[in-house]
Structures are given as C-alpha cells and as structure tokens.
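Asker: Please find one structure pasted underneath; my questions will follow.
The values are calculated or read from the model by the stated rules, or taken from the named source; none is laboratory data. As the structure is a computational prediction, the values presented were derived from the model and not from experiment. Cβ sites come from the backbone with ideal geometry, for glycine too, and all protein chains shown count toward neighbours.
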Amino acid sequence: MEPVPVRCRIPELLKRIDKNQQWLAERTGISKQRISEYVNLRVDNITMKRAILIAYHLDCLVDDLFEWELR
C-alpha cells in the first residue's frame, strides 16, 4: 500500500485568506500551471520543499494541504 492524494485543500485554504492561485504562484515562485496541477491532482507527488513553501504562505501545516488514502 502507498499513500495517494485524494483531495487537495489548497483552494479552500486560499479562500480562507481571500487569495487565489496566481497570488500563491507569485509568492512561492511555483508556476501557476504547477499549482493548478497540484489542485487538480494531475501529479501524485510534491516535493517537501514546495509543500513547506506553500504551507508557509497559506499559514497552515504541510499535512493540511492534501487528504490522503492508503491504496
């Protein structure tokens, strides 16, 4: 079994602070396209460095970014 992301919580975390994906892209230096891929679960992994960077700007824990299941 391995962990698989089943839901990205970035949109609701952005909404909580009244920001959008473009804002997050500008703050993190991660392309808007890559952030969109994370949000739409088009990639099944994210580097720890990027997860920490995103979590920092969303004022949350890395664990808050995704919901996971073991499959």
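Asker: Can you find, within segment 39-65, the residue that is modelled with the highest pLDDT among those that are more than 19 Å from Arg16 (Cβ to Cβ) and touching a Pro at 6+ places or on another chain (Cβ under 7 Å)?
Answerer: Among them, the one singled out is Leu41.
Asker: From Arg42, Arg34, Arg27, grab the single residue that is surrounded by fewer than 17 Cβ atoms within 10 Å (Cβ to Cβ), of a type outside the set (Ser, Thr, Tyr) and under 11 Å from the mean Cα position of the chain (by Cα).
Answerer: Residue meeting the stated conditions: Arg34.
Asker: Can Asp18 be described as loosely packed, with under 12 Cβ neighbours inside 10 Å and at pLDDT 95 or above?
Answerer: Considered against the rule, which asks whether it is loosely packed, with under 12 Cβ neighbours inside 10 Å and at pLDDT 95 or above, Asp18 comes out as yes.
Asker: Also: Quickly run through segment 45-61 and pick out the residues that are closer than 16 Å to Pro3 by Cα and surrounded by fewer than 15 Cβ atoms within 10 Å (Cβ to Cβ).
Answerer: Across segment 45-61, the qualifying residues are Asn45, Thr47, Met48.
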